[in-house]
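K.L.:
Here you go, one structure.
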Amino acid sequence: MQQKRIPLRKCNGCGQMKPKRELVRVVKDPEGNISLDLTGKKSGRGAYICRNLDCFRIARKAKRFEKEFGCPVPEDVYDLMERELKENE
């Protein structure tokens, strides 16, 4: 019997490939709003991050979300995402 293939995604913080379910999706919706997608079902361009604050802070410092989405990310959006990640850690 064949094993089911597990989708892997790369964390924008630490750079490790991990199963998609272990990561949190950061999404840029069609209107240009950037937010955390804890369900993984919002429509839009996605980037992935580990569920810990260290990886988030590394990605924030290196401006990896701005590079991924091709637009500037305001500091208040980063602060909101950090708070949400803290609550759901």
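K.L.:
Quick one: what pairs do we get from the stretch 69-87, first residue closer than 14 Å to Ser35 by Cβ, second among the acidic types (Asp, Glu) and not in a loop (DSSP other than H, G, I, E, B), C-beta under 6 Å, 6+ apart or different chains?
P.N.:
Val73/Glu66
K.L.:
Another question, then. Quick test for you: out of Val27, Val77, pick the one residue that is in contact with a Ser or Thr (Cβ under 7 Å, 6 or more places away or on another chain) and modelled with pLDDT of 90 or more.
P.N.:
Going through Val27, Val77 in turn, the sole match is Val27.
K.L.:
Out of the residues in the stretch 34-52 meeting the condition of being touching a residue at least 12 places away in the same chain (Cβ under 8 Å) and over 12 Å from the mean Cα position of the chain (by Cα), tell me which one is nearest to Arg83 (Cα to Cα).
P.N.:
Looking at the filtered set, the residue picked out is Lys42.
K.L.:
Ok, one more. Enumerate the pairs (first residue in the stretch 13-26 and exposed (fewer than 14 other Cβ atoms within 10 Å of the Cβ); second residue anywhere and β-branched (Val, Ile, Thr)) with beta-carbon separation below 6 Å, excluding pairs fewer than 6 apart on the same chain, so at least 6 apart or on different chains.
P.N.:
Listed by first residue and then by second, the contacts come to Pro19/Ile6.
K.L.:
Please specify each residue of the stretch 53-72 satisfying the condition of being surrounded by 14 or more Cβ atoms within 10 Å (Cβ to Cβ) and either over 13 Å from the mean Cα position of the chain (by Cα) or closer than 15 Å to Arg25 by Cβ (or both).
P.N.:
Cys55, Phe56, Ala59, Arg64, Phe65, Glu68, Phe69
K.L.:
For the stretch 50-89, list the helices (runs of 4 or more DSSP H) that sit wholly inside it and hold at least 1 residues that are hydrophobic (A, V, I, L, M, F, W, C) and under 18 Å from Gln16 (Cα atoms); which are they?
P.N.:
Helices (runs of 4 or more DSSP H) meeting the threshold: 53-61, 64-69.
K.L.:
Only strands (runs of 3 or more DSSP E) wholly contained in the stretch 1-40 count here; list those with 1 or more residues that are of a type in the set (Lys, Arg).
P.N.:
In the stretch 1-40, the matching strands (runs of 3 or more DSSP E) lie at 8-10, 17-19, 23-28.
The values are calculated or read from the model by the stated rules, or taken from the named source; none is laboratory data. No experiment lies behind these values; they were computed from the predicted model shown. A quick note on method: Cβ atoms are made from the backbone with ideal geometry, for glycine too, and the neighbour counts reach across all protein chains shown.
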